[in-house]
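First the structure, which I've put down as structure tokens, then a few questions once you've had a look.
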Amino acid sequence: MAKKVVKKGKKPHKNKPTSKKYSKYKIEGDKITRERFCPRCGPGVFLTNSKGRFYCGKCHYSEFESKAEKKD
């Protein structure tokens, strides 16, 4: 008996979710406020704020909030 050979072709294209960088900026009058940038990667790469820490998904840099800052 001959084995059946399964041909591998191109994978179907999957759409990726769009970037939400517009949510990191706030415009109040003439003043523009931005979220925190990553100190290693530079401007344009934002730090995410989750569970008491700031985290960069690109270079895995993280800063933890101190307990004194949480009480304020």
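Among residues belonging to the stretch 17-32 that are under 17 Å from L47 (Cβ atoms) and not small (G, A, S), point out the one that is farthest from the chain's Cα centre (by Cα).
Per the criteria, the residue is K26.
Now a separate question. Which residues, taken from the stretch 46-56, are more than 15 Å from S23 (Cβ to Cβ) and either free of Cβ contacts under 8 Å to residues at least 12 places away in the same chain or within 8 Å of the chain's Cα centre (by Cα) (or both)?
K51, Y55, C56
Rule-based calculations on the coordinates, nothing more; no lab input. Worth saying up front: this structure is predicted, and the values here are computed from it rather than measured. Cβ atoms come from the backbone with ideal geometry, glycine included; neighbour counts cover every protein chain shown.
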